[in-house]
Structure formats: C-alpha cells, structure tokens
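The values are calculated or read from the model by the stated rules, or taken from the named source; none is laboratory data. The structure presented is a predicted model; accordingly, all values stated were derived computationally and were not measured. Here the Cβ is made from the backbone with ideal geometry for all residues, glycine too, and neighbour counts use every protein chain on show. The accessibility values were calculated without ligands, DNA or RNA, using every heavy atom of the protein model including side chains. Shrake-Rupley method; radii C 1.70, N 1.55, O 1.52, S 1.80 Å.
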Amino acid sequence: MDDTHSELQADIRFLGRVLGDVIRAEDGQAVFDQIEDIRRASVTFHREGTAEAGQRVAERLGGLSLDETVRFAHAFACFLQMTNIAEDHVQRHLGSAGDARPDSLAGAARTLAAEGVGKEDLIALLKTAFVAPVITAHPSEVRRKSVLDRQMAIAEALAGCERAADDAARARAEETVAREVSIFWRTRLLRGARIAVADEIENAVFYFERSFLTALPALYAHWREVLGEAPPTFLTIGSWVGGDRDGNPNVTAEVMGRALRLQSRAVLRFYLEAIHRLGADLSISSSLAAVSPALKALADAAHDPSPHRTDEPYRQAITGVYARLAAAYPALAGEAPPRPASGAAEPYGRAEELKADLQTVLDSLLEHHGPAFTRGPLPDLIRAVDAFGFHLATLDMRQNSAVHARVVAELLQRAGVSADYEALDEAARCDLLLAELGHGRLLHSPYAAYSEETGGEYAVLAEAARLKRLYGEKALRAYIVSNTTSVSDLLEVYVLLKEVGLFTPGAPAKAEIFAEPLFETIGDLRAAPDTLSRYFALPLIKGLLAGVGLQEVMIGYSDSNKDGSYLTSTWELHQTSRALAATARDAGLALQLFHGRGGAVGRGGGSSFEALLAQPPGTVAGRIRVTEQGEVVANKYADPELAARSLETLAAGTVLASLRKAAAEAEGDPRARIMDALAREAMAAYRGLVFETPGFSDYFFAATPISEIADLNIGSRPTSRTPSRSIADLRAIPWVFSWSQSRAMLPGWYGFGAAVERTGVSMDVLREFHASWPFFSSILANMEMVLAKGDLAIARRYAGLVDNGVLAKQVFTEIRAEWDRTVGALLAITGQSRLLDGNPALAAVIRARLPYIDPLNHLQIELIRRRRAGDDSAEVREGIHLTLNGVAAGLRNAG
C-alpha cells in the first residue's frame with residue numbers, strides 16, 4: 001500500500017509539474033507565480049491549520065480580479081482532473097494484480113473454497129446467473145466528451161512514460177505528455193449549450209465502444225482459465241440512455257430509435273472489423289488441412305468470387321459471413337457499411353445466426369487444429385456476439401405511473417369503455433384493466449384524436465415493438481414503472497403494451513416486455529411486499545410469469561434517501577429486499593433486484609463490492625442489475641482496463657453474496673429490532689430538519705449552488721419535477737450534488753448521530769455490529785468517506801449566502817450539532833481517534849485533494865454572491881461553472 005501511495009504521489013507531482021510548465025510557457029511567469037502562490041498557501045493551511053495560514057489563503061483569493069478568478073478556477077479544475085488521471089493510472093496497476101485480488105472471480109473462488117464451497121457450486125450458480133451494470137444519463141457528470149478524450153490521451157501518454165525502455169524513449173514519452181496537457185489546458189471545460197439526449201446517447205455509445213466491446217470478451221476468456229471451463233454469458237450490459245422518459249419529455253420514439261441505431265452501428269462495426277481481420281488471418285489451405293463438412297458447406301454457400309481463395313475454405317466462409325453481416329448493416333445501422341462486401345448475400349435476420357456461423361468456423365478449427373484455438377480473436381468475437389447481439393446494450397424503458405394512468409384513462413374514454421378511469425378506486429381499476437387484458441380488442445384507433453401526451457406515449461410503444469423485431473429479443477426487455485404504489489400501476493403498462501402487440505392475451509398470456517415496479521420512497525418501500533403479493537396473486541400474472549420464473553423489482557436509493565435520511569433509506573432498502581425475496585418465493589418465483597444506485601453515498605454510492613456483500617441473505621442468488629450513473633461511469637468504464645476490473649468486481653461480489661455460507665448467519669431478530677429503532681430516530685431527526693423546519697427550503701436554495709447547477713449544461717432533464725421550490729419535488733440528483741458542492745454532504749450522514757443518542761443503544765453492541773455485520777460496517781465506511789470529504793467551516797460560509805441571518809444561524813447550528821454527534825458516534829463505534837484512521841490510503845488521497853478543492857469552494861461562494869447581487873455576466877457564470885466542475889472532479893462521487 002505504501003508503494004501504491006508513493007506511485008500515486010509521483011504521478012500527481014509529474015503531471016502537476018507538466019501542467020505548471022505549460023501554464024508558465026503559454027501564460028507567462030506572472031500567471032504561474034500567482035496560481036502557485038495560492039496553491040502553496042492552501043497546502044500550508046491544510047498542513048498547519050492555523051488562523052494565520054487560513055488568512056493568507058483568504059487574502060490571496062480575495063485579491064483576484066474577475067478574469068484572474070476564472071483563470072484560477074480553470075487551473076485548479078485542470079489540476080484536479082490530472083489527479084484523477086494519476087489515480088486511475090494507479091488503479092490500473094492494482095487491477096494488474098488480477099487473480100490475487102479478493103474482488104476478482106479467482107479471489108471469490110478462493111474465499112468460497114476456504115468456506116467449503118467448491119468450484120462446481122460456483123459454476124452451477126453462473127449457469128442461472130444474470131449480472132448487468134446499466135448505464136444511465138444523469139446531470140452530475142460535468143465533463144464534456146472532449147475533456148474525457150483529452151484525459152484519456154494524457155493517460156495513454158503517461159502509460160507510455162512507464163513503458164519507455166530507455167532515457168531517450170522516456171524523453172519522447174514525456175514530450176507527448178506535455179503536448180497533450182497543453183491541448184487540455186486550452187480545451188474548454190464547460191459545454192456551450194445544454195446537453196441534449198442525442199449527446200447523452202453518443203456519450204454512452206462512446207463508453208460501450210471504447211471499453212465494453214473489448215473488456216467483456218477478454219474477461220470471459222480469462223474466466224475460462226480460472227474456472228477450467230467456459231462460463232455462460234451471465235454478465236452483460238444495459239442502458240437507460242434514450243429509453244428513460246420519466247420527467248424527460250425529450251425522450252421520444254425517434255430518440256429511442258436513434259439510441260438503438262447508434263448502439264447497433266457501433267457493435268456491427270466492431271464485428272465487421274473483427275471478421276475482416278479473421279479473413280486475413282485464416283489462410284489455411286484445403287490442400288494442407290482438412291475441414292469439417294459444416295465449414296465446407298458454409299464456404300460453398302459464400303460463392304466467393306475471388307480466384308485467389310479457391311483452396312482457402314476458412315477465408316471463403318469468412319467472406320460469406322462478412323457479406324451477410326454487411327447486407328444486414330444498412331437496416332440496422334441506418335447507413336452503408338464502412339467497408340463493402342465482395343458480393344451480394346442474404347442479410348442475417350438475428351444475431352444468433354451470425355454466432356452459429358462463427359461457431360461453425362471455430363468448431364472446424366478445434367477439430368482439425370487442436371486446443372490452440374480455444375483462445376484468441378474468434379472465441380472472443382463469438383462471446384461478443386453472444387453478449388451484445390445486434391443491439392449492444394439492452395435498453396430499458398421507464399415512465400412515471402401517473403403518465404400511464406392519464407394515457408390509459410384517455411384511451412378508455414375515447415373507446416367508450418370508461419368515462420373517468422382515474423376516478424375509480426383501486427379495486428375497480430384492477431377489475432377494468434384485467435378485463436381489458438383478457439381479450440384481444442384494442443383501445444387505440446388511428447381515426448381518433450388524442451392528446452399530445454397520449455400520442456407521444458403510443459408512438460414510443462409502437463417504436464418499441466418495431467425495434468424489438470429489428471434488433472432482437474434482448475434489445476428491450478424491461479419497462480420500469482416509476483412511483484409504483486399499486487397493482488394497477490403495473491397492469492396499466494400491460495394494457496399499453498397490448499396496444500402494440502407486445503402483450504398477447506391468452507391462457508396463459510404472453511409478454512415480450514415485462515412491467516417492473518420501481519419502489520422509491522420510504523412509504524412505497526414499506527408497502528412494496530404487500531403490493532407485490534397482491535400482484536402475484538392475480539391469475540393473469542401467475543400465468544404470465546410462470547414461463548419466465550422470475551420478477552425483477554427495482555428499488556430506488558436516491559428518493560428514499562431524500563425522503564428519510566441515509567441510515568433509514570439503507571435499512572428500509574435492506575428490509576424491503578428481504579421481504580420481497582420472501583414474497584417472490586411464496587409465489588414460486590425468483591426475485592431479481594435492480595438497484596437504482598447513484599455515485600454519491602447519499603444516492604447509494606460507495607464500493608459496489610462491499611455493497612453486494614452487505615446484501616441480505618437470499619436476495620442476490622446470482623441475479624442482480626445495478627445502475628451506473630453520472631461521473632461514476634467515467635471513473636469505472638472510460639478505460640478498458642478499469643472497465644474490466646469494475647465488471648469483474650461486480651461479478652465477484654455477486655458470486656460471494658450468493659454463495660458465502662457466512663451470509664446466512666448475518667442477521668437475527670435483536671439486530672433487526674435495534675436497526676428499526678435507529679432508522680426510526682434517524683428519520684425523525686432528518687425530517688425534522690428538512691421537512692419540518694420553517695424556511696428550510698429557503699435555506700437550501702440560498703446556502704447551496706442549486707440555482708446555479710440548474711443553469712449548468714450537464715443534463716437533458718430539469719432539476720425539479722415542477723417549477724416550485726419544494727424539496728419534495730426536487731430531483732434527488734441535484735439535491736445531493738448541491739450538498740456535495742457546499743461540502744455539507746448532508747444526505748450522506750444526517751440523522752445517524754441523533755439516532756445513536758436517542759435510542760441509547762450500547763456502544764458495545766454497535767461495535768459488535770461493526771465488527772461482524774457487513775451491512776452495518778458498509779454503512780459506516782460510506783458515511784466515514786462522506787464526512788472526510790465534507791467541511792463544515794466551508795459549509796458555514798455557504799450559509800452566509802442566506803439573506804435571513806436568523807434562519808441561517810438556526811439551520812446551520814442544527815447541522816453543526818448533528819455533524820458533531822455523528823462524527824462522535826462514528827469514532828466511538830470504530831475505535832478511531834479521527835476519521836479514516838483505519839483507511840490511511842484513502843485518507844491520504846482525500847487530504848491531498850483538499851488544498852485544491854477548498855479554494856474553489858471559496859471562489860464559488862464569492863461568485864455566487866456576486867451573481868445573486870445582480871452581476872450575471874458571462875465571466876461570473878463561467879467562473880461559477882468552472883468551480884462546480886472542479887469541486888465535482890475533486891470529490892469524484894459528488895452526484
């Protein structure tokens with residue numbers, strides 16, 4: 001660990017020195033000296049912590065002109081991005097430890113073997129397993145794609161320095177680093193216009209192309225060695241980008257079609273290029289080697305016109321495969337293939353046909369040339385086709401239940417079935433919906449006029465049916481119902497799917513896309529088991545789900561946290577997961593949980609591996625989906641090596657959570673009763689501040705940069721569901737992002753200290769929880785990280801932005817008191833004298849960043865004060881947005 005930290009510090013110093021040299025060369029010595037003077041003053045303040053050192057920082061920041069402020073914010077934001085590059089570079093080295101890591105599949109197998117669980121049990125689990133990270137577009141990733149491109153170029157140049165064989169090569173590599181840093185220094189960090197859904201789709205496809213297409217097949221090839229046999233394709237990827245309509249009117253039928261078209265274009269180009277390379281490689285002559293009859297038939301069917309390949313059946317077969325895929329390309333990708341085929345061919349209708357032809361080639365090679373071909377580009381390509389199909393990532397659809405209710409009501413009214421569906425009680429709604437699902441008559445008429453909302457929703461559903469036919473069964477499979485509170489919320493979706501042929505009545509009924517509830521608030525989580533039990537009891541649903549044997553349920557971390565505090569949300573999600581698993585078992589079904597986690601701890605962030613190990617026994621069982629949101633996507637998947645490590649961590653955590661025998665003893669009634677009490681008091685304390693303190697909303701909107709975040713061009717959705725300043729209507733993402741920026745970090749810890757104090761639970765009991773219960777230790781670890789990144793001295797300065805001094809003092813005093821209670825309780829439970837004593841590596845990383853984050857906070861406050869006083873100049877706005885960018889880069893998991 002010391003070596004790792006030394007390497008990190010060396011990389012940070014090197015990149016910092018290069019950036020300084022660039023600034024000096026391009027902006028002059030005076031500019032460099034000014035930035036360096038502030039940097040040193042801030043570092044000194046963090047090292048000494050004296051009032052005099054703090055005053056020196058304040059004086060230097062206060063002496064900056066507006067232009068200097070903007071330039072300084074740009075410089076520190078750039079430096080923090082350099083720090084991230086260095087950290088990711090070191091993470092790649094840690095990833096190179098490979099199978100020695102406990103969060104690798106080999107590490108999981110070792111852990112299980114030590115507990116008496118054999119490899120055969122692991123393989124048996126994988127045969128029914130399903131693991132998928134789901135990429136989502138959310139407004140907390142503040143980096144432009146151009147910035148990501150430049151960061152990757154710097155990262156590659158840094159790796160080049162490490163690979164240099166001699167001093168001359170090292171000098172050339174360092175020159176490349178300097179060139180890339182120079183470009184980065186002059187690259188605009190901020191978007192000039194608000195990002196559109198089309199931009200978000202292109203960003204997601206960028207990650208798929210850069211990392212997933214190569215990382216995932218390589219992982220499977222490695223897992224074959226680890227397990228001694230090829231595992232099934234249990235790990236794939238999903239996306240919400242272009243399918244998530246909840247609160248985003250910009251996601252239309254056309255947009256959804258564009259998402260899958262661009263995804264398909266990316267994966268088909270990847271296949272075509274790989275097939276082209278295979279054709280160049282497989283020059284085996286039939287005069288020198290035999291081939292299988294199936295391979296010969298495939299070669300003959302290609303009708304290859306080249307006289308140079310008459311004795312090269314593998315090349316002939318590959319030529320035919322290429323021609324068929326190229327023929328399918330225009331319909332799927334919406335353009336001509338990048339390299340035309342040598343002749344006409346019948347297009348592939350399904351990805352399975354392509355996979356079968358490639359398998360024919362591989363089988364012949366294995367039969368006649370031995371096991372040397374079990375690894376290599378052809379098996380990797382077959383695995384890629386199996387994992388990605390023609391769609392690349394499975395696209396989820398999502399919409400709010402309130403929208404479905406309005407659309408169904410209008411369809412029923414126009415069809416003369418029900419004059420006012422929304423006026424019916426739940427029982428009457430269900431009866432009516434079940435009746436509609438029992439016959440084949442449609443509600444929608446092409447001759448009737450509908451509202452814009454209903455017309456748009458119908459268009460999306462019709463497009464979903466078309467896309468599923470075009471791209472395959474796995475292209476779209478789930479319809480997430482936000483704000484699910486009742487059985488009718490799910491039945492409404494099937495009524496709508498029936499309108500476009502995606503639900504077929506019968507005995508049993510059949511669906512091509514399944515309705516999946518999303519339980520988000522504390523109240524909805526508590527009611528979820530009963531809602532699901534009533535849903536499963538319906539004969540229609542019993543028959544519908546019997547064929548698939550499972551039900552996916554999504555649980556939301558963000559809104560439950562905003563609704564009731566970090567501790568309460570985490571415990572309610574834990575309890576609900578257990579109860580839902582039992583409900584599914586009682587119905588003879590498996591449960592597949594879909595965890596709607598964000599990057600920040602207040603939105604379910606933290607270590608994915610530790611979070612999986614902390615799941616309740618019996619709730620994973622080899623099947624899980626997890627959202628990857630905001631800046632976390634870039635942190636985990638912007639590079640193939642990082643992506644491979646992140647994907648393997650997810651797989652290893654799923655295996656351990658499913659098979660570890662210790663997990664079965666993780667909980668007991670005494671623990672649950674104590675946690676119930678703690679969660680109850682934490683929620684009372686949290687809601688007492690956020691929802692019951694008069695004027696709290698005014699405090700929040702003034703003491704955080706929420707208004708300025710709303711103006712930042714970082715997402716295609718508005719920050720609030722309504723134009724009001726209600727906390728309840730505010731989206732959870734900007735809520736958490738705002739508190740992170742102000743360094744109060746409130747959603748990640750508030751209420752814990754009060755809960756410990758009010759319940760009077762023995763510290764010895766809580767220490768035992770921390771020592772033996774992964775769920776509880778994970779809570780504390782995440783909370784500790786949040787508190788270490790927070791700074792109430794800075795948060796107090798943000799409170800100074802509140803015009804009402806009495807309100808500011810009252811609310812901040814409460815926050816300060818709860819901070820002290822929480823930190824005190826945390827230290828007492830963990831036995832530490834200060835935060836992160838038990839994790840010195842993380843402590844060092846955070847401490848190294850603070851001298852660069854804190855000045856940005858101070859400048860942000862002054863710029864916000866200036867803007868709110870009436871100066872809405874372009875320079876002020878740019879300065880604010882640069883500080884938002886820099887603080888987010890420094891914190892890394894701000895939203």
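Could you provide, to the nearest whole Å², the per residue accessible area of region 458-532 with probe 1.4 Å?
Numbers: 2280 Å² over 75 residues.
Normalised by residue count, the accessible surface of region 458-532 is 30 Å².
Near Glu426, within a Cβ-to-Cβ distance under 13 Å, what is the net charge of the other residues, with Lys and Arg +1 and Asp and Glu -1? If you can, show how the numbers build up before the last one.
Details: positive: Arg429, Arg534; negative: Glu422, Asp425, Asp431, Asp489, Glu492, Asp530.
Once all neighbours under 13 Å are counted, the net charge is -4.
What is the extension gain from Lys119 to Arg441, computed as 0.36 nm multiplied by their sequence separation minus the C-alpha to C-alpha distance, in nm to one decimal?
Working: separation 322, 0.36 × 322 = 115.92 nm, distance 5.21 nm.
Full extension of this stretch gives 110.7 nm more.
What is the gain in length, in nm to one decimal, between Ala196 and Ala10 on full extension, counting 0.36 nm per residue of separation less the C-alpha to C-alpha distance? Please report the intermediate quantities before stating the final value.
On the way: separation 186, 0.36 × 186 = 66.96 nm, distance 3.90 nm.
Once the chain is fully extended between Ala196 and Ala10, it gains 63.1 nm.
How many nm is it between the label spots at Thr374 and Asp530, if each spot is 7 Å from the Cα in line with the beta carbon?
Each label point lies 7 Å from its Cα, and together they span 5.6 nm.
How much accessible area does Val756 have with a 1.4 Å probe, in Å² rounded to the nearest 10?
In the full protein context, Val756 sits at about 10 Å².
Measure off, as a whole percent, the carbon and sulfur share of the 1.4 Å-probe accessible area of the chain, all protein chains present. If you can, show how the numbers build up before the last one.
Details: 17350 of 33410 Å².
Answer for the chain is 52 percent, counting heavy atoms of protein chains only.
Share of antiparallel DSSP beta bridges in the chain, in percent to the nearest 5?
Working: 3 of 35 bridges.
Around 10 percent antiparallel, to the nearest 5.
Report, in deg cm²/dmol and to the nearest 500, the calculated mean residue ellipticity at 222 nm for the chain, where each DSSP H run with n ≥ 4 adds -39500 (n - 2.57) and the sum is divided by the residue count. Each step should come with its number before you reach the end.
Working: 37 runs with 564 residues, N = 895.
So the helix-based figure for the chain works out to -20500 deg cm²/dmol.
I'd like the accessible area for Tyr479: 1.4 Å probe, protein heavy atoms, all chains in place, Å² to the nearest 10.
Taking all protein chains as shown, Tyr479 has close to 0 Å².
So what is the relative contact order of the chain, in percent, for Cα pairs below 8 Å that sit 6 or more residues apart?
16 percent
Using a 1.4 Å probe, how large is the accessible area of Lys789, given in Å² and rounded to the nearest 10?
Here the accessible area works out near 20 Å².
Can you check what the net charge comes to around Arg110, using other residues whose Cβ is under 13 Å from the Cβ of Arg110 (Lys, Arg +1; Asp, Glu -1)? Don't jump to the answer; show the numbers that get you there.
Working: positive: Arg101, Lys119, Arg660; negative: Asp99, Asp103, Glu115.
Neighbour charge sum, excluding Arg110 itself: 0.
Taking a ≥ b ≥ c as the square roots of the eigenvalues of the Cα gyration tensor of the chain, is the shape rounded (a/c under 1.5), prolate (a/b larger than b/c) or oblate?
It comes out oblate by the Cα gyration axes.
Under 1.5 on a/c is rounded, so check that first for region 125-237, then, if it is not, pick prolate when a/b is larger than b/c and oblate when it is not; a ≥ b ≥ c are the square roots of the alpha carbon gyration tensor eigenvalues.
On the way: a/c = 4.40, a/b = 1.27, b/c = 3.45.
In terms of gyration-tensor shape, oblate.
Does region 726-775 come out rounded, prolate or oblate, given a ≥ b ≥ c as the square roots of the eigenvalues of its C-alpha gyration tensor, rounded meaning a/c under 1.5 and, failing that, prolate meaning a/b above b/c?
Numbers: a/c = 2.93, a/b = 2.32, b/c = 1.27.
Taking the square roots of the gyration eigenvalues as a ≥ b ≥ c, region 726-775 is prolate.
Counting only other residues whose beta carbon sits under 14 Å from that of Leu540, what net charge do I get with K and R as +1, D and E as -1? Kindly include the intermediate steps, with their values, before the conclusion.
Details: positive: Lys498, Lys510, Arg534, Lys542; negative: Asp431, Glu436, Glu492.
Combined, the nearby Lys, Arg, Asp and Glu give +1.
Going down the table (Lys474/Lys498; Lys562/Lys636; Lys468/Lys636), which pairs top 21 Å between alpha carbons? Please list the in-between numbers first.
Numbers: Lys474/Lys498 19 Å; Lys562/Lys636 25 Å; Lys468/Lys636 29 Å.
Checking Cα-Cα distances, Lys562/Lys636; Lys468/Lys636 exceed 21 Å.
Cross-link candidates for Lys661: which aspartates and glutamates have Cα within less than 15 Å, leaving aside residues fewer than 8 places away along the same chain?
Glu115, Asp121
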